[in-house]
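The values are calculated or read from the model by the stated rules, or taken from the named source; none is laboratory data. The structure displayed is predicted, hence computed values, not measured ones. For neighbour counting, all protein chains shown are included, and Cβ atoms are generated from backbone atoms with ideal geometry for every residue, glycine included. Please note that ligands, DNA and RNA were not included when accessible areas were found on the heavy atoms of the full protein model with its side chains. Shrake-Rupley method; radii C 1.70, N 1.55, O 1.52, S 1.80 Å.
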Amino acid sequence: SVLSRYENQINILSDYLEEFPETDEPVWILGRQHHLNTDKSKLLLDISARLWFTYRRKFSPIGGTGPSSDAGWGCMLRCGQMMLAQALICRHLGRDWQWEKHKKQPEEYHRILRCFLDRKDCCYSIHQMAQMGVGEGKSIGEWFGPNTVAQVLKKLALFDEWNSLAVYVSMDNTVVIEDIKKMCWSPPQSSGAAHSSAHMHRSALGWNKNAAGFCAGWKPLLLIIPLRLGINHINPVYIDAFKECFKMPQSLGALGGKPNNAYYFIGFLGNELIYLDPHTTQSFVDWEENGTVDDESFHCQQAPHRMKIMNLDPSVALGFFCKEECDFDNWCSLVQKEILKQQSLRMFELVQKHPPHWPPFIPPTKPEVTTTGA
């Protein structure tokens, strides 16, 4: 507790040192442009509206006997939670939704927040993510990289029928349009054995039981693109394209940071990245009897941190959210125009057809669950 108090003091002190400079340059935050000299308060409101997940302590032990705090190892998992939470806010409340302290929020907001609380029965909790990471070769308490957390979110989303997301994680720096459309338009799962099995599993986990996930149509897309933008340091040739991603209306920012220090990057100013930092240890918060959550500790209400782009570790993951098919088509057009234009070294590839030398693409489906211990 002494260490965590000290860590909190350091973080609070550093926040005071990170005031935005006086500049005419625009600030970009998740697809929105702000001007410091005219609407700084609007910018800070936009940042504080993002859900902020940090280390927590005093939650129930992971797996029953594991750690009861993720301090020191859970930062990339928290950043993955922040990116996914931003996708869910865009899905249910819209990108322009704003949060204000003590203001009554819609039920959907509290429902989103409940997905991430540090309980084993919340679908994107630190418990679920850490245990799903075991299947990706990560023992509980081990540090994740951007690609691992993306794979974990992809698997957990299969059990989340309320949000009904299609999660696509690109392979080999390549986004395949044909595969994404196949996945987002995949037919609804039939009722029957698979449905009853899924229903049992959701009941065991306390998740939502309605069949929203079974309706036909385009499933909202969470697109994650893990990248390696250099060997030991980021290659300067990628910087402009990387910054361009934060301007796109579909932007969910990026996961990355420095070795063993993960941050959630939400925008940029000049050649500095703006990020939310999970390295503050707070106490576990549970929901109230009426289903609402005391949410003040889930919003960063101080000036955010900044770092020079050149200090970024080259291993990152970009995130994008496309609620409708037209959003995805627009994203593809922006990538062709802004990312792939006259670049000798492309940050990633966007192709129409599934590469013939790859294994066939099969949209992921919810695994059969026969025990509640899975």
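One residue alone among LEU84, LEU77 is crowded, with 22+ Cβ neighbours inside 10 Å, touching a Leu at 6+ places or on another chain (Cβ under 6 Å) and within 27 Å of PHE144 (Cα to Cα), and that residue is LEU84.
Let's see how each residue does on (1) open to solvent by less than 10 Å² (accessible area, probe 1.4 Å); (2) modelled with pLDDT of 95 or more; (3) not β-branched (Val, Ile, Thr):
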position	(1), (2), (3)
LEU223	yes, yes, yes
GLY230	no, no, yes
ILE234	yes, no, no
SER251	yes, yes, yes
LYS258	no, no, yes
PRO278	yes, yes, yes
THR292	no, no, no
ASP295	no, no, yes
PRO304	yes, no, yes
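Residue check: LYS154 meets all listed conditions (1) surrounded by fewer than 21 Cβ atoms within 10 Å (Cβ to Cβ); (2) touching a Leu at 6+ places or on another chain (Cβ under 6 Å); (3) not in a loop (DSSP other than H, G, I, E, B) but one, namely (2). Might you let me know whether region 133-143 holds any residue that is within 21 Å of PRO367 (Cβ to Cβ), among the hydrophobic types (A, V, I, L, M, F, W, C) and modelled with pLDDT under 95? Yes; the residues of region 133-143 include at least one that is within 21 Å of PRO367 (Cβ to Cβ), among the hydrophobic types (A, V, I, L, M, F, W, C) and modelled with pLDDT under 95. Is one or more of the residues making up region 99-111 crowded, with 21+ Cβ neighbours inside 10 Å and among the aromatic types (Phe, Trp, Tyr)? No; the residues of region 99-111 include none that is crowded, with 21+ Cβ neighbours inside 10 Å and among the aromatic types (Phe, Trp, Tyr).
Within region 336-356, if we keep just the residues that are part of a helix (DSSP H, G or I) and not charged (D, E, K, R), the residue that is farthest from ASN173 (Cα to Cα) turns out to be GLN336. Taking the criterion of being open to solvent by 20 Å² or more (accessible area, probe 1.4 Å), in contact with a strand residue (DSSP E or B) (Cβ under 8 Å, 6 or more places away or on another chain) and either in contact (Cβ under 8 Å) with a residue 24 or more places away in the chain or on the phi > 0 side of the Ramachandran plot (or both), the residues of region 331-351 that qualify are GLU349, VAL351. Looking at GLU136, is it open to solvent by 50 Å² or more (accessible area, probe 1.4 Å) and without any contact (Cβ under 8 Å) to a residue 40 or more places away in the chain? When the stated conditions are applied, GLU136 passes them. For region 203-221, a residue qualifies if it is of a type in the set (A, V, I, L, M, F, W, C) and either modelled with pLDDT of 95 or more or touching a helix residue (DSSP H, G or I) at 6+ places or on another chain (Cβ under 7 Å) (or both), and the qualifying residues are TRP218, LEU221.
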